[in-house]
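In what follows, a structure is listed as structure tokens, so that the remarks can point back to it.
What follows draws every value from the coordinates through simple rules; no lab data is involved. Keep in mind the model is a prediction, meaning the values are calculated, not measured. In this analysis, Cβ positions are derived from the backbone assuming ideal geometry, glycine residues included, and neighbour counts consider all displayed protein chains.
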Amino acid sequence: MFDEIDGKPSPEAEKQKKQEKEKKKDEQIKSLQKELNLLQEQSLQVAEMTRTASRSRIPTRLSYSAQRRTSMPKLEVLEKTCVFCGEFREGFTDAGLDVHYWKRCPLLMRCTHCKQIVEIAEFSKHLLEECESSENFMECSQCSEAIRLDVYNQHIARGRCSELDRDSQRHCPLCHCNIDDTEDDAWKKHAIYKCTKNSRRNKKQVGNDVSGEIM
């Protein structure tokens, strides 16, 4: 009760938040499994096209990474796939994935205040609720971004932030754009390919990098 008065989440709310986070991870894994099933179907079609091309002497090419991925058991593919951005690499052992999360994953970032690795989409929430510097931030009622208390009034006065439709949009804390969240993977595509403020974004087209591919 006192936590609620102080504005802190209750133990029940914390438990619910944890359950929702676990549910989200389960949904991500299920989504990856669905994509893998689709990938296997596509690989069969590619194999048939390859046989046909071989007979007609029409050259075809499937990247080495894709060939290896389609020949692996599903569980092994999942173990070598980032649950955040969907990138697959043969070198993704537990240690390899840790390095990927720490340095490369375009959907993650290092908090500049506590140095933890957090999801970009949840960065404002992290600053408001989890970061050791959370007492220095306040949520903007318009754009939902976590703003430092010492510049909050200036942020509001400037009127530069765009009002967020919380039912259909997601706010990027890096480039400060509002992303249409009604389209499948809209946020993922924004973070990986479009966000100009994301230093980890992939400037290559999908499939160009034979050492690792985004699914």
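Measuring between alpha carbons in the structure, the pairs from K17/K103; K80/K197; K24/K189 lying more than 23 angstrom apart are K17/K103; K80/K197. Computed about its Cα centre, the charge dipole of segment 144-187 is approximately 460 debye, with only Lys, Arg, Asp and Glu carrying charge at their Cβ.
Taking 0.36 nm per residue of separation and subtracting the Cα-Cα distance, full extension of the segment from K24 to S10 would add 2.9 nm. Remark: the K115-S168 segment gains 16.0 nm on full extension, using 0.36 nm per residue and subtracting the alpha carbon distance. Put a dot 7 Å past the Cα of D184, heading toward its Cβ, do the same for T93, and the two dots end up 3.6 nm apart. Put a plus charge on the Cβ of each Lys and Arg, a minus charge on the Cβ of each Asp and Glu, and nothing anywhere else: the dipole of segment 73-142 about its Cα centre is then about 320 debye. As a size descriptor, the averaged projected area of the C-alpha convex hull of segment 92-214 was calculated at 8.6 nm².
Note on W102 and Y193: with the Förster distance fixed at 25 Å, the Cβ-Cβ geometry gives a FRET efficiency of about 0.75. A simple spin-label model places the labels of E130 and R158 2.6 nm from each other, with each point 7 Å out along Cα-to-Cβ.
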